[in-house]
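*Asks:* One structure is given below, represented as structure tokens, and several questions about it will come after.
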Amino acid sequence: MKHYLLGLFDDEEVLLKAVDYIKSHHLRIHDVVTPFAVHGLDQKLGLRESRLHVGGFWVGAAAAITAVSFMTWVFTANWPIIFGGKPYFSFPAFIPITFEFTVLNASFWMTFAFLVLCHLWPGRFRESLDPRTTSHLFGVVFKITPRTTEADLQRMREVLLQAGAVEVKERMMEKHY
Amino acid sequence: MTEHPMEHPVRSEEKFVMTERQKFWSLLLVALGAAGIVGSYFLYHGHEGHVRYWSALLTVAVFFQGIAMASCFFQAATYVAYGGWHTVFKRVPEAIGMFMPVTAFLLLLVLALPNLMYDHHPVYHWTDHEAVAHDPIMAGKTPYLNLPFFFIRFVFFVGVLIFLTYMMRKNSLLEDQHNDLRYYRSNLTYASLFLVFFALYISVTAWDWLMSIDTHWYSTMYGWYTFSSFWVTGVAVITLVVIFLKKQGYLSVVTESHLHDLGKLMFAFSIFWTYLTFCQFMLIWYANIPEETAYFRARYDRFMWLFYGIFLMNFLAPFLILMSRDAKRKMTVLTVAAIIIIVGHFADFYLMVYPGTVKTPQFGLIELCALVFYFGLFLYTTFAQLGKANLVPRHHPFLQESLHHST
């Protein structure tokens with residue numbers, strides 16, 4: 001069972017200022033949940049840049065090499081046939097297939113990797129911390145551990161309200177939200 | 001978006017001033033180039049010499065005409081798309097676009113003068129009446145490829161494009177004086193008209209100026225292939241001028257985000273160029289029909305290093321250099337990529353002209369002089385035009401959007 005404290009904001013400008021305000025009080029923000037991407041929030045929270053695209057590049061490169069070497073093997077060693085007087089190793093004819101295979105692999109594996117990073121795989125249902133954060137509210141999330149004292153909790157609530165939160169609530173979750 | 005862009009208010013009176021040194025050096029380049037072009041006329045003798053001389057001038061003239069047209073296209077396309085991101089540096093494509101009257105006039109000279117000086121244009125085989133009379137394929141093309149119609153097309157379409165560019169520039173400068181939205185609306189009309197005429201004419205430019213060199217040969221991909229080359233070179237030139245202005249201390253409102261978008265355009269259209277170039281090549285390679293492969297035979301046999309070189313410079317280099325986000329936001333990386341793209345696409349135009357006319361790879365005095373002349377002229381015209389107005393347009397409706405642009 002995981003325990004969170006959720007501060008809800010109704011404006012992204014207030015939210016951006018609130019993040020600074022909370023950080024100035026030395027409270028550790030666990031996460032921020034928003035209905036849409038808020039510009040500048042990543043930098044304020046100090047999130048590291050996603051490495052998804054780097055993975056995409058290497059998957060694409062591997063797919064390109066696989067496609068070229070497979071076709072080379074098939075058409076020169078395994079089953080050599082002369083097509084229209086062209087040599088066995090007809091590189092220009094391999095390029096369209098290499099291109100398609102590269103794009104297909106890079107996009108599919110990036111999609112799968114993205115779903116796994118979001119804890120979304122077949123059979124997984126994600127419950128949100130508060131359904132309103134998918135439509136019109138922005139939530140700042142604090143993690144509550146057994147070491148969090150009642151005084152800490154009280155301070156978190158106060159700072160959230162001072163920062164402009166319209167509502168503060170505790171939430172118990174079975175799994176990762 | 002680490003800082004709020006409004007923290008740098010627009011210096012409404014920011015004006016580009018051409019320094020005496022810039023004026024001196026650009027005019028010196030023009031003078032040296034012009035002297036070289038005139039002087040080397042006496043160095044290239046006989047029919048072969050004339051072919052070489054006019055091929056060099058044609059390649060450079062078409063290349064710079066393309067850069068100027070691409071800049072006008074940039075303005076028109078962003079107007080019609082209600083684009084706002086480019087507003088802070090929109091004076092740059094405007095200034096380069098005003099180079100078009102000059103390049104168009106010079107290109108007209110290169111296309112017309114040899115017809116008066118010799119019995120036919122040394123670059124264009126189809127202007128030789130003797131040869132056309134004995135060649136059924138060329139004779140069949142005379143309804144399109146004849147001198148009167150050739151120049152009617154040129155004067156009409158280039159004239160219309162220059163007129164529309166001039167009107168867009170005029171409205172844009174008036175907008176700076178008067179805070180009135182009607183200049184923007186009127187520019188929308190001119191930009192839409194520009195796109196219509198540009199779309200009609202851009203393939204024709206490729207057929208007339210370049211493809212008709214190899215009169216027997218034709219390719220349906222050629223028009224778009226040439227356009228993509230023009231366009232990606234144009235974006236690279238705009239990027240270089242923006243970076244130059246920033247290095248000089250101007251255009252402080254142009255942020256990494258604007259450069260990022262210019263980098264994206266260079267990256268994407270380098271791939272677009274590769275796609276078209278390869279499609280044209282692969283279909284001809286696959287079908288293997290002698291009439292069609294003759295074009296690539298000439299390029300592959302004697303220009304092999306350049307034939308592979310343009311793929312390296314125009315595809316592989318920009319693809320790998322500009323792939324990451326950080327690279328597109330750094331001025332040094334963008335400068336390197338833009339220079340490689342410009343050199344690569346000049347090589348591309350060289351490869352469209354030289355194998356059909358000069359037959360062997362040659363680069364000497366006349367090519368160098370033509371490039372120096374045009375480069376000097378480009379610098380002088382662009383700087384002079386940049387000095388005519390505020391560097392950041394004052395009353396453009398998308399100015400605030402552009403100042404807050406973040407990618």
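*Asks:* Give the stretch B:348-369 a look and list any residue that's out of contact with any Ser or Thr (no Cβ under 8 Å at 6 or more places or on another chain) and either over 19 Å from B:THR205 (Cβ atoms) or of a type in the set (Phe, Trp, Tyr) (or both), or say none.
*Replies:* Once the filter is applied, which keeps residues that are out of contact with any Ser or Thr (no Cβ under 8 Å at 6 or more places or on another chain) and either over 19 Å from B:THR205 (Cβ atoms) or of a type in the set (Phe, Trp, Tyr) (or both), the stretch B:348-369 yields B:PRO355, B:LYS359, B:THR360, B:PRO361, B:GLN362, B:PHE363, B:GLY364, B:LEU368.
*Asks:* Scan the helices (runs of 4 or more DSSP H) fully inside the stretch B:261-369 and keep the ones with 3 or more residues being among the β-branched types (Val, Ile, Thr), touching a strand residue (DSSP E or B) at 6+ places or on another chain (Cβ under 7 Å) and surrounded by fewer than 16 Cβ atoms within 10 Å (Cβ to Cβ).
*Replies:* In the stretch B:261-369, there are no helices (runs of 4 or more DSSP H) which contain 3 or more residues that are among the β-branched types (Val, Ile, Thr), touching a strand residue (DSSP E or B) at 6+ places or on another chain (Cβ under 7 Å) and surrounded by fewer than 16 Cβ atoms within 10 Å (Cβ to Cβ).
*Asks:* Would you check which residues across the stretch A:20-36 are assigned to a helix (DSSP H, G or I) and farther than 21 Å from A:LEU137 by Cβ and list them?
*Replies:* Within the stretch A:20-36, just A:SER24 meets the criteria.
*Asks:* Restricting attention to the stretch A:19-48, report how many residues are within 12 Å of chain B (Cβ to nearest Cβ), in contact with a helix residue (DSSP H, G or I) (Cβ under 8 Å, 6 or more places away or on another chain) and farther than 20 Å from A:ASP130 by Cβ.
*Replies:* The qualifying residues number 2.
*Asks:* While we're on this one: Based on this model, can you work out whether B:THR407 counts as polar (S, T, N, Q), modelled with pLDDT of 95 or more and either closer than 30 Å to B:LEU174 by Cα or surrounded by fewer than 20 Cβ atoms within 10 Å (Cβ to Cβ) (or both)?
*Replies:* no
*Asks:* Mind checking which residues of the stretch B:19-74 are under 26 Å from B:GLY356 (Cβ atoms) and of a type in the set (Ser, Thr, Tyr)?
*Replies:* B:SER40, B:TYR41, B:TYR44, B:TYR53, B:SER55, B:THR59
*Asks:* Any residue in the stretch A:154-166 that is closer than 30 Å to A:HIS39 by Cβ, among the β-branched types (Val, Ile, Thr) and not in a helix (DSSP H, G or I)?
*Replies:* yes
*Asks:* Pick from the stretch B:104-125 the residues that are aromatic (Phe, Trp, Tyr) and surrounded by fewer than 15 Cβ atoms within 10 Å (Cβ to Cβ): which of them is nearest to B:ILE213 (Cα to Cα)?
*Replies:* Residue satisfying both the conditions and the ranking: B:TYR118.
*Asks:* Turning to a different aspect of this structure: Out of A:PHE112, A:PHE91, which single residue is exposed (fewer than 14 other Cβ atoms within 10 Å of the Cβ), within 12 Å of chain B (Cβ to nearest Cβ) and either closer than 30 Å to A:ARG157 by Cα or among the hydrophobic types (A, V, I, L, M, F, W, C) (or both)?
*Replies:* Within the list A:PHE112, A:PHE91, the selection yields A:PHE91.
*Asks:* Additional query: Kindly indicate which of A:GLY123, A:GLY85 is over 22 Å from B:THR277 (Cα atoms), within 14 Å of chain B (Cβ to nearest Cβ) and exposed (fewer than 11 other Cβ atoms within 10 Å of the Cβ).
*Replies:* A:GLY85
*Asks:* B:ARG21: modelled with pLDDT under 95, surrounded by fewer than 16 Cβ atoms within 10 Å (Cβ to Cβ) and at negative phi, yes or no?
*Replies:* In short, yes.
*Asks:* Would you confirm whether or not the stretch B:144-164 contains a residue that is within 30 Å of B:ASN288 (Cβ to Cβ), modelled with pLDDT under 95 and not in a helix (DSSP H, G or I)?
*Replies:* yes
*Asks:* In the stretch A:94-109, how many residues are away from every other protein chain (no Cβ under 14 Å) and surrounded by 14 or more Cβ atoms within 10 Å (Cβ to Cβ)?
*Replies:* Residues that pass the stated criteria total 3.
*Asks:* Going by what's in this entry, would A:LEU6 be described as crowded, with 16+ Cβ neighbours inside 10 Å and without any contact (Cβ under 8 Å) to a residue 40 or more places away in the chain?
*Replies:* no
For (1) under 29 Å from the mean Cα position of the chain (by Cα); (2) farther than 30 Å from A:PHE36 by Cβ; (3) not polar (S, T, N, Q), each residue gets a yes or a no:
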site: A:ALA61; (1), (2), (3): yes, yes, yes
site: A:ASN78; (1), (2), (3): no, yes, no
site: A:SER90; (1), (2), (3): no, yes, no
site: A:VAL116; (1), (2), (3): yes, no, yes
site: A:ARG132; (1), (2), (3): yes, no, yes
site: A:PHE138; (1), (2), (3): yes, no, yes
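*Asks:* Let me ask another. For the stretch B:9-16, indicate whether the set of residues that are within 14 Å of chain A (Cβ to nearest Cβ), at pLDDT below 95 and in a loop (DSSP other than H, G, I, E, B) is non-empty.
*Replies:* Taking every residue of the stretch B:9-16 in turn, none turns out to be within 14 Å of chain A (Cβ to nearest Cβ), at pLDDT below 95 and in a loop (DSSP other than H, G, I, E, B).
Residue-by-condition table, conditions (1) in contact with a helix residue (DSSP H, G or I) (Cβ under 9 Å, 6 or more places away or on another chain); (2) over 30 Å from B:ALA287 (Cβ atoms):
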position	(1), (2)
A:GLY85	no, no
A:SER90	yes, no
A:ILE97	yes, no
A:ALA113	yes, yes
A:LEU117	yes, yes
A:GLY123	no, yes
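*Asks:* Go through the stretch B:152-165 and give me each residue that's closer than 16 Å to B:LEU195 by Cβ and either free of Cβ contacts under 8 Å to residues at least 24 places away in the same chain or not hydrophobic (A, V, I, L, M, F, W, C) (or both).
*Replies:* B:PHE163, B:THR165
*Asks:* How many of the residues in the stretch B:236-260 are part of a helix (DSSP H, G or I), out of contact with any Phe, Trp or Tyr (no Cβ under 6 Å at 6 or more places or on another chain) and touching a residue at least 24 places away in the same chain (Cβ under 8 Å)?
*Replies:* 15
*Asks:* Exactly one condition in (1) surrounded by fewer than 15 Cβ atoms within 10 Å (Cβ to Cβ); (2) more than 14 Å from every other protein chain (Cβ to nearest Cβ) is not met by B:THR239; state its number.
*Replies:* Evaluating B:THR239 over (1) surrounded by fewer than 15 Cβ atoms within 10 Å (Cβ to Cβ); (2) more than 14 Å from every other protein chain (Cβ to nearest Cβ) leaves (1) as the failure.
*Asks:* Next up: Answer with yes or no whether B:ALA139 is over 30 Å from B:GLY387 (Cβ atoms), free of Cβ contacts under 8 Å to residues at least 12 places away in the same chain and assigned to a helix (DSSP H, G or I).
*Replies:* The answer is yes for B:ALA139.
*Asks:* Checking B:LEU316 against (1) within 14 Å of another protein chain (Cβ to nearest Cβ); (2) touching a residue at least 40 places away in the same chain (Cβ under 8 Å), only one condition comes out false. Which one?
*Replies:* (2)
*Asks:* Related question: For the stretch B:154-197, give me each residue that is charged (D, E, K, R) and within 30 Å of B:LEU111 (Cβ to Cβ).
*Replies:* Across the stretch B:154-197, the qualifying residues are B:ARG169, B:LYS170.
*Asks:* Answer with yes or no whether A:ARG155 is in contact (Cβ under 8 Å) with a residue 24 or more places away in the chain, of a type in the set (D, E, K, R) and out of contact with any Phe, Trp or Tyr (no Cβ under 7 Å at 6 or more places or on another chain).
*Replies:* Considered against the rule, which asks whether it is in contact (Cβ under 8 Å) with a residue 24 or more places away in the chain, of a type in the set (D, E, K, R) and out of contact with any Phe, Trp or Tyr (no Cβ under 7 Å at 6 or more places or on another chain), A:ARG155 comes out as yes.
The values are calculated or read from the model by the stated rules, or taken from the named source; none is laboratory data. Fair warning: this is a prediction, and the values are worked out from it, not measured in the lab. Positions of Cβ are generated from backbone atoms using ideal geometry, with glycine treated the same way; all protein chains shown enter the neighbour counts.
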